[in-house]
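J.: The following block contains the structure, expressed as structure tokens.
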Amino acid sequence: MIKQVPDPVLELHNLTVVYESKPALWNVDYTIPENHLIGVVGPNGSGKSTMLKALMGLVKPSSGYAHVYGKEIDEVRQRIAYVPQRNSVDWDFPVNVFDAVLMGRYKANNLFRRVSKADKEIAMEAIKKVQLEPFVKRQISQLSGGQQQRVFIARALAQEADMYLLDEPFAGVDAATENSIMSLLKEMNANGKTILVVHHDLQSVKDYFDWLLLMNTRLIASGPTEEVFTEDMLQKTYGGKLNILSRVVEIIEKQGHPIREK
Amino acid sequence: MENFIDFFMLRDPNVAWVVGGIICITAAAAIVGTFTLLRKQALIGDAVSHAILPGVCLAFIIAQTKNPMILLIGATISGWLGLLAINYLSDKTKLKGDAALGLVLSVFYGLGIVLLTAIQQSGNAAQAGLDKFLFGKAAALVRDDAITFAIFSFVLITIVFLFYQPFKLVVFDKDYALAKGLPVRRLEVLLSILTVSAIALGIQAVGVVLMAALLIAPAAAARYWTNSLSWMLVLSTVFAILAGLIGTYISYTVPRMPTGPWIVSILSVFALGSIFLGRKKGLLARYLNQRFHKEKMLKENILKVLWHLGEADQNFEAFRSVDQMQERRFIPLPQLRRGSKKLVLEGSLIRKEQKFALSPEGKEEGERIIRIHRMWELYLTTHMNLPADHVHEDAEAIEHVITPEIEAELAKVLEGAEKDPHASPIPYKE
Ligand SMILES: Nc1ncnc2c1ncn2[C@@H]1O[C@H](COP(=O)(O)OP(=O)(O)OP(=O)(O)O)[C@@H](O)[C@H]1O
Ligand SMILES: [Mg+2]
């Protein structure tokens, strides 16, 4: 079940992404309306991170396109904040929490611009929102996993964007922190922000999200949570390890078969 | 000794050029090398250093001169080719990254040695000293070299300074930098150009064989002292310049000695020393840390004493003599004096003649410690089921440890209870 809407803020059009010869996203096509809290759910390796990267233009699609706010990502980057998966960086890098969050204020269009006092205040605000004030001066490797996750979120907040794309913000985070981050996201959503979250815990999907994407390399479903979050759809997303799709993917990978004729 | 003074007072103008040249070379290598280390490209640095040799030789063969600018250009080009070859081999072929490194290193270096041998046997008188590119001979730098190197390193360091913020972001989190729309590809190329150039410059001091050490060791040593990138840059520069100067001095007094091995040996001493002494993880750090905590406890205990005395007669501003304080709690006189003196300097105590009183900040701090002490006692009795007469000792130690977060947590669990197990009031913040 894939529900298409007019005037989407997020649109993937027949998007396919291939790593080496292995498809990670295959013909994904969806449209999502504004101001939703969107959950992205699917098994490991089902292309969730790749989908976020495609939206941000970090991977090149082999076919199809991604539009954000109806435009190419490069035209609207300033308005989008991206929170990568936590394990994507080396946390031993010599910066403290404050400096790391301050990076959210760097501007791509003026590389030589130094951060201003106002930038520092905004960064501090963001740190407060995720309750990291006691750790501002701490080196980032000396934080727990959940605290590191909050550094990433604060950095995105400091960007003051209209849309937030978060890749597994709740991985390795305790229940209390998850709750406080979630209420923060809900509050932001209530203030008109569009928020997309890659999520693994099926238990909380209904409480958290009002729009849901189910993926397994292909898009299984996209629509309002109450319509999409059904036994049947979940079976299709997670069902039998060796479903036809994954067998085909395997063959393609083994034979180095191109999945698009060009 | 006389040598030493001659060298470091720059009595001999030739020495002044050498010293100036060395400072430029080593500073540039350390600053650029800090980013090379953080990008985890130490081994690439090594391969590129070796790849530079054929470029130097070819530049000499073609131009028939040892003009430093021409040799630098040759070095940079061939280092860059080496880097491209590494990237090409590891991207486009099945060779693993380290195999590509090894291959490029040995092929380029082998070629360089062949060329060098050919030049030396050609009987060209101008070639004398070209072999210094193997192990470095910084003590032989002359005025032209020094000026060229100064300009070159000034440019390198300025670029790092200008692009400091974007470099930092790209090296820390490339995906995020890309998502923000930074020109990541170009910044990375720029960083690579800086690396190759710093290497091309540095081989003049330490030679191709040991260049990677000059690039990486200062930053590695600095990492042990600081968790901040800007301090890491400063410290690695200081380490590199020191090692450069000492190494050059040794080679100046014993002219047959090449500079490279000396500079690198001294850098190794710095690196090893940093492992033992470093402020963050080193052994000395642990000792100093302990001492810091002892002082902190002493100061907090003095504030506590004064606060207790104030609580007893409900007068927190009163001046108390050392005897009064010792009566309340025995702290050996020398320590009491030292601690009070520090507290006066920090503004927590006010001194009048031989007496001390709490300043408003001092009172607040003393109150905080008492609060934690009493909350902890209560917590142990109510939540850990310890008898009330067993908790004081524990709280004496823990009161110095508890952070504001834990304090808030404690306050929450205790639900605003008013008295500790000994019926003393808990002084909550209004
Ligand atoms: N850089 C890469 N090179 C090659 N293959 C990759 C790369 N990144 C991801 N893949 C592959 O693409 C597929 C999709 O990966 P992706 O990271 O998008 O999955 P995911 O849904 O985010 O998984 P997880 O839940 O584990 O985070 C996986 O099979 C993965 O092995
Ligand atoms: Mg992922």
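The values are calculated or read from the model by the stated rules, or taken from the named source; none is laboratory data. The structure displayed is predicted, hence computed values, not measured ones. Positions of Cβ are generated from backbone atoms using ideal geometry, with glycine treated the same way; all protein chains shown enter the neighbour counts. We work out accessible area using only protein heavy atoms, side chains counted, and drop any ligands, DNA or RNA first. Shrake-Rupley method; radii C 1.70, N 1.55, O 1.52, S 1.80 Å.
J.: Let me confirm something: among B:405, B:409, B:396, B:430, which residue is among the acidic types (Asp, Glu), part of a loop (DSSP other than H, G, I, E, B) and free of Cβ contacts under 8 Å to residues at least 24 places away in the same chain?
T.: Exactly one residue qualifies, and that residue is B:430.
J.: Then there is this: Does residue A:81 satisfy the criteria of being closer than 12 Å to residue A:165 by Cβ, within 14 Å of chain B (Cβ to nearest Cβ), near ligand 1 (Cβ under 10 Å from one of its atoms) and open to solvent by less than 30 Å² (accessible area, probe 1.4 Å)?
T.: It is false that residue A:81 is closer than 12 Å to residue A:165 by Cβ, within 14 Å of chain B (Cβ to nearest Cβ), near ligand 1 (Cβ under 10 Å from one of its atoms) and open to solvent by less than 30 Å² (accessible area, probe 1.4 Å).
Let's see how each residue does on (1) modelled with pLDDT of 90 or more; (2) assigned to a helix (DSSP H, G or I):
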site	(1), (2)
B:304	yes, yes
B:331	no, no
B:341	yes, yes
B:351	yes, no
B:363	yes, yes
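J.: If you take the residues in region B:247-295 that are small (Gly, Ala, Ser) and open to solvent by 40 Å² or more (accessible area, probe 1.4 Å), which one is farthest from residue B:21 (Cα to Cα)?
T.: Per the criteria, the residue is B:268.
J.: Within 13 Å of chain B (Cβ to nearest Cβ) and within 16 Å of ligand 2 (Cβ to nearest atom), is that true of residue A:167?
T.: Yes: the conditions hold for residue A:167.
J.: How many residues are buried (at least 22 other Cβ atoms within 10 Å of the Cβ) and part of a helix (DSSP H, G or I) when one looks only at region A:153-187?
T.: Residues in region A:153-187 being buried (at least 22 other Cβ atoms within 10 Å of the Cβ) and part of a helix (DSSP H, G or I): 7 in total.
J.: Let me ask something else about it. Considering only region B:164-177, how many residues are surrounded by fewer than 18 Cβ atoms within 10 Å (Cβ to Cβ) and not in a helix (DSSP H, G or I)?
T.: Total satisfying the criteria: 0.
Residue-by-condition table, conditions (1) under 22 Å from the mean Cα position of the chain (by Cα); (2) among the polar types (S, T, N, Q); (3) surrounded by fewer than 19 Cβ atoms within 10 Å (Cβ to Cβ); (4) within 10 Å of chain A (Cβ to nearest Cβ):
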site	(1), (2), (3), (4)
B:135	no, no, no, no
B:151	no, no, yes, no
B:179	no, no, no, yes
B:183	no, no, yes, yes
B:191	yes, no, no, no
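J.: Taking the condition within 12 Å of chain B (Cβ to nearest Cβ), within 16 Å of ligand 1 (Cβ to nearest atom) and not hydroxyl-bearing (Ser, Thr, Tyr), does residue A:110 pass? Step through it out loud before you land on a result.
T.: On the way: within 12 Å of chain B (Cβ to nearest Cβ): yes; within 16 Å of ligand 1 (Cβ to nearest atom): no; not hydroxyl-bearing (Ser, Thr, Tyr): yes.
Considered against the rule, which asks whether it is within 12 Å of chain B (Cβ to nearest Cβ), within 16 Å of ligand 1 (Cβ to nearest atom) and not hydroxyl-bearing (Ser, Thr, Tyr), residue A:110 comes out as no.
J.: Please go through region A:133-145 and pick out each residue that is in contact with a strand residue (DSSP E or B) (Cβ under 6 Å, 6 or more places away or on another chain) and either farther than 17 Å from residue A:95 by Cβ or open to solvent by less than 70 Å² (accessible area, probe 1.4 Å) (or both).
T.: A:139
J.: For residue B:19, which of the numbered conditions (1) closer than 24 Å to residue B:162 by Cβ; (2) touching a residue at least 24 places away in the same chain (Cβ under 8 Å) fails to hold?
T.: Unmet for residue B:19, out of (1) closer than 24 Å to residue B:162 by Cβ; (2) touching a residue at least 24 places away in the same chain (Cβ under 8 Å): (1).
J.: Test of understanding: among A:89, A:130, which residue is free of Cβ contacts under 8 Å to residues at least 60 places away in the same chain, open to solvent by less than 70 Å² (accessible area, probe 1.4 Å), within 16 Å of ligand 1 (Cβ to nearest atom) and on the phi < 0 side of the Ramachandran plot?
T.: The unique qualifying residue is A:89.
J.: Look through region A:36-65, keep the residues that are away from ligand 1 (no atom under 14 Å from the Cβ) and in contact with a helix residue (DSSP H, G or I) (Cβ under 7 Å, 6 or more places away or on another chain), and return whichever of them is farthest from the other protein chains (Cβ to nearest Cβ).
T.: Only one residue tops the list, namely A:37.
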